[in-house]
Amino acid sequence: MRLTTPDDLPPAVTRPDYTPSAHGVGIVHLGLGAFHKAHQAAYTDTALARSGGDWRITGVSLRSPEPAAQLAPQNGLFTLIERSATGSTARVIGSIANAFCLGPDRAAVLAALTAPTTRIVSITVTEKGYGIDRSTGGVDTAHPAIAQDLATPDAPVGVAGLLVWALNARHAAGVPPFTVLCCDNLPDNGTMLRGLLIDFARRAAPEITNHIATDVAFPSTMVDRITPAATDATLAAAEQTTGHQDAAAIETEAFSQWVIEDHFPTGRPDWESAGAMFVTDVKPYEEMKLRMLNGAHSMLAYAGFLAGCTHVSDVMENPVLNALVRRHLTAAAATLPQLEGVDFADYADALIARFSNPHLHHQTYQIAMDGTEKLPQRILAPAADALAAGQPLDPFAFAVAAWMRYTLGTTDAGDSYALRDPREDELAKLTRNQTPEAIVTNLASLPGLFPQALAQNKAFTQMITARLSIMMQHSMAQALDNELA
Ligand code: CS2
């Protein structure tokens, strides 16, 4: 039988400690993917149990019909399997009240965005979902959703278009604005989204620009929970544990972290009761996580995938790669200002343990996607700081070379794979039949990617070229051996 009620679960499965239907909706979430379900939905579930409130979630996927098709027949319920190195637990989450897909459910989504009861709109659409021009901080007019929404702002399909449309409609109706909560792995994510919306509004609805700039809160957040894409094995494990079929089940790690700027003029759930940390400045936490966790992740994904490692835990079992992950974490930590109460060496140890978790089947290929959207904040910004401070650049040069090698789209054995990067056509043009030198020069001058100081630094580009040459002329395995020789 399908999971449709929390009332009929075996004792080993944790159920919502509240009556979901007794709580109204206060949050609209854009981007109803695995990460939202493992992170914000889980925090909200705990906060509802501990402190109550009308804070359930209307989840919206902007394009894919699957999340709503899986969740709606289950009344929004789903199983969250939490796996640590030593064991697994399962809980059923009750915080999602509605699950919509923007296309077919447009009227319901727009109604939710304009409802006075909606006080927060949170977002996880991945780095590429926003349509930010990284060189200006404004909109990328070539981004499909931005282009469409600028042309027809009254029928929005993307994040910027929907939010500006909804803030405009609320303002016109005298309804206070919602708080906009970006939960993607972007630096200074609240400020970034604010800049994007202001630029979009200037072009599409100038009369609302001032309201967005002065009256709308955009708290920044650092979000963390490693969440692999669900597989058939996930669904089978959920069914075995709960005794119910669950098309929306996901697996994640036991660890989770959420650091949030406490700026919610229209209220918020009691997320601290679920372990969230409220601070006045999220930036140092964000930088630590982006540069250490995500930076090491990207490096190990490119090098590991090409060295034949399917999962992150396989990477960690390879002694050379394991040592390179540690080296990368140390180099990234050296670029960070001190953060009170946090020891970066302990944080690095914890990351090594998390990456090594053998029960989490997190694919290197999943992390490798969208490299052009991830590299700037994860690898290139710390590399630029390391350059300015005279710190070692080899770890960053190796990571960049591994990404460049990956963009070629074939393994050392000659098998091809899909790149899955929004700029893959551009990448193909710049790299096809080129020498390592030309590839480095071409990719380093891609707009919005390399900070100028790095692109123009011969020593750094030569360090990348030397490594890329070995990767292309020999193999990733050879490059790995050379790296630690
Ligand atoms: C990963 C992240 O896929 C990726 O790019 O680096 O999704 C990572 O697992 C999360 O940020 C962990 O919080």
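Each reported figure results from applying straightforward, stated rules to the coordinates on display, with no laboratory input. Quantities reported herein were computed from a predicted structural model and do not represent experimental measurements. Note that we place each Cβ from the backbone using ideal geometry, even for glycine, and neighbour counts take in every protein chain shown.
Summary of computed values
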{"read-out": "Looking only at the stretch 432-448, and only at residues there that are under 14 Å from M471 (Cα atoms) and either touching a residue at least 12 places away in the same chain (Cβ under 8 Å) or aliphatic (A, V, I, L, M) (or both), the one that is surrounded by the most Cβ atoms within 10 Å (Cβ to Cβ)", "value": "V440"}
{"read-out": "Residues located in the stretch 343-352, provided they are surrounded by fewer than 20 Cβ atoms within 10 Å (Cβ to Cβ) and either within 14 Å of the ligand (Cβ to nearest atom) or of a type in the set (S, T, Y) (or both)", "value": "Y347, A350"}
{"read-out": "Residue list for the stretch 62-104, restricted to those being more than 18 Å from A274 (Cα to Cα) and among the acidic types (D, E)", "value": "E66"}
{"read-out": "Residues located in the stretch 262-300, provided they are in contact (Cβ under 8 Å) with a residue 24 or more places away in the chain, more than 20 Å from the chain's Cα centre (by Cα) and not in a helix (DSSP H, G or I)", "value": "D262, H263, F264, P265, T266, G267, R268, P269, D270"}
{"read-out": "Identity of the residue in the stretch 410-426, more than 13 Å from the ligand (Cβ to nearest atom) and of a type in the set (D, E, K, R), that ends up nearest to P337 (Cα to Cα)", "value": "R423"}
{"read-out": "Qualifying residue in the stretch 217-224 (condition: among the hydroxyl-bearing types (S, T, Y) and within 13 Å of the ligand (Cβ to nearest atom))", "value": "yes"}
{"read-out": "Residue check, A41 in contact with a strand residue (DSSP E or B) (Cβ under 6 Å, 6 or more places away or on another chain) and of a type in the set (A, V, I, L, M)", "value": "yes"}
{"read-out": "Leading residue by the ranking (surrounded by the most Cβ atoms within 10 Å (Cβ to Cβ)) among those in the stretch 304-315 that are part of a helix (DSSP H, G or I) and within 14 Å of the ligand (Cβ to nearest atom)", "value": "G304"}
{"read-out": "Residue ID - surrounded by the fewest Cβ atoms within 10 Å (Cβ to Cβ), chosen from residues in the stretch 23-46 that are within 11 Å of G94 (Cα to Cα) and among the aliphatic types (A, V, I, L, M)", "value": "A42"}
{"read-out": "Residue check, A230 within 16 Å of the ligand (Cβ to nearest atom), in a loop (DSSP other than H, G, I, E, B) and touching a residue at least 12 places away in the same chain (Cβ under 8 Å)", "value": "yes"}
